[in-house]
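J.: Before I ask anything, let me first share the structure, which is written out below as structure tokens.
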Ligand SMILES: [Zn+2]
Ligand SMILES: [Zn+2]
Ligand SMILES: [Zn+2]
Ligand SMILES: [Zn+2]
Ligand SMILES: [Zn+2]
Ligand SMILES: [Zn+2]
Ligand SMILES: [Zn+2]
Ligand SMILES: [Zn+2]
């Protein structure tokens with residue numbers, strides 16, 4: 001698996017509803033953690049830790065995989081392949097462990113033996129998900145692993161989202177970054193497709209309200225449709241079109257049928273959505 005950012009993906013797909021109105025359970029991805037996050041005397045800008053990793057790919061020592069990827073843009077370092085670490089206190093090279101086998105120097109308050117992840121800053125609430133195979137942040141109790149979607153989702157989505165097989169095993173439809181181990185928080189849309197929350201915000205701000213993958217409305221559009229209802233009532237079509245009906249397909253409920261023709265929009269009769277296509 002490619003390593004993308006903090007080893008831990010900052011996961012917390014929130015409830016499906018677009019942008020601002022979304023209650024977020026995000027473990028504040030951008031808020032610097034109180035004590036250790038940027039302790040330059042220990043580790044690097046990415047992690048506070050007491051050892052360096054020997055990258056399997058190029059044999060060099062790096063504080064973390066992000067440091068590796070920054071200095072060696074030609075390839076990404078695989079966290080799982082690290083065979084040895086070097087103690088920052090006594091320079092002893094050794095298999096990954098929580099502390100130095102030689103001098104006892106603590107390598108990191110959080111240690112994942114699978115990911116070879118060390119981090120003193122446990123305010124991130126790191127946890128390793130066996131099914132994901134990587135560490136995530138935000139607290140184990142706040143997430144569950146959805147086997148269908150293929151990743152850890154915020155607990156509030158448990159039995160409360162539309163499952164799309166391997167929904168997280170694909171790229172964000174806006175920025176094309178692989179979602180599964182992205183550091184950016186994803187959001188699960190009503191249709192079950194996933195997208196970075198920040199990409200959705202931007203998309204939404206630019207007027208995008210349909211899923212880039214399936215064209216369903218990304219959130220609850222009830223209010224917008226009511227506004228359109230109102231506008232349509234106030235804007236009757238000229239007489240020659242007044243009784244015209246056209247065939248349409250609804251992007252939200254997938255119903256097809258007829259709707260009164262109106263320049264402002266075609267209303268799906270079964271579900272009330274204006275997210276429709278004229279056929
Ligand atoms: Zn680093
Ligand atoms: Zn040591
Ligand atoms: Zn892990
Ligand atoms: Zn998981
Ligand atoms: Zn699911
Ligand atoms: Zn994105
Ligand atoms: Zn979709
Ligand atoms: Zn509909």
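J.: Any chance segment 191-199 includes a residue that's crowded, with 20+ Cβ neighbours inside 10 Å and either free of Cβ contacts under 8 Å to residues at least 12 places away in the same chain or within 16 Å of ligand 4 (Cβ to nearest atom) (or both)?
T.: yes
J.: In this structure, is residue 129 touching a helix residue (DSSP H, G or I) at 6+ places or on another chain (Cβ under 9 Å) and either under 22 Å from residue 55 (Cα atoms) or within 16 Å of ligand 1 (Cβ to nearest atom) (or both)?
T.: no
J.: Could you give every pair whose Cβ atoms fall below 7 Å, whose first residue belongs to segment 125-143 and is within 16 Å of ligand 6 (Cβ to nearest atom), and whose second residue is part of a strand (DSSP E or B), counting only separations of at least 6 or pairs across chains?
T.: Taking only residues 6 or more apart or on different chains, not a single pair turns up.
J.: Against the definition (outside the structural domain of residue 254 (by TED's automatic domain parsing), over 30 Å from residue 265 (Cα atoms) and free of Cβ contacts under 8 Å to residues at least 24 places away in the same chain), how does residue 181 come out, yes or no?
T.: no
J.: Failed condition for residue 108, given (1) within 13 Å of ligand 3 (Cβ to nearest atom); (2) out of contact with any strand residue (DSSP E or B) (no Cβ under 7 Å at 6 or more places or on another chain), with all others met?
T.: The failed condition is (2).
J.: From 59, 108, grab the single residue that is assigned to a loop (DSSP other than H, G, I, E, B) and without any contact (Cβ under 8 Å) to a residue 60 or more places away in the chain.
T.: 59
J.: Separate question: Suppose the filter is within 16 Å of ligand 8 (Cβ to nearest atom), buried (at least 16 other Cβ atoms within 10 Å of the Cβ) and in contact (Cβ under 8 Å) with a residue 12 or more places away in the chain; does residue 188 pass it?
T.: no
J.: Answer with yes or no whether residue 107 is farther than 22 Å from residue 42 by Cα and more than 16 Å from ligand 8 (Cβ to nearest atom).
T.: no
J.: Let me spell it out: the conditions are (1) within 14 Å of ligand 3 (Cβ to nearest atom); (2) in the same structural domain as residue 188 (by TED's automatic domain parsing); (3) crowded, with 18+ Cβ neighbours inside 10 Å, and residue 115 meets all of them except one. Which number is the exception?
T.: The failed condition is (2).
The values are calculated or read from the model by the stated rules, or taken from the named source; none is laboratory data. It should be emphasised that the depicted structure is a prediction, and the values quoted were computed from it without experimental measurement. All Cβ positions, glycine included, derive from the backbone under ideal geometry; neighbour counts span all protein chains shown.
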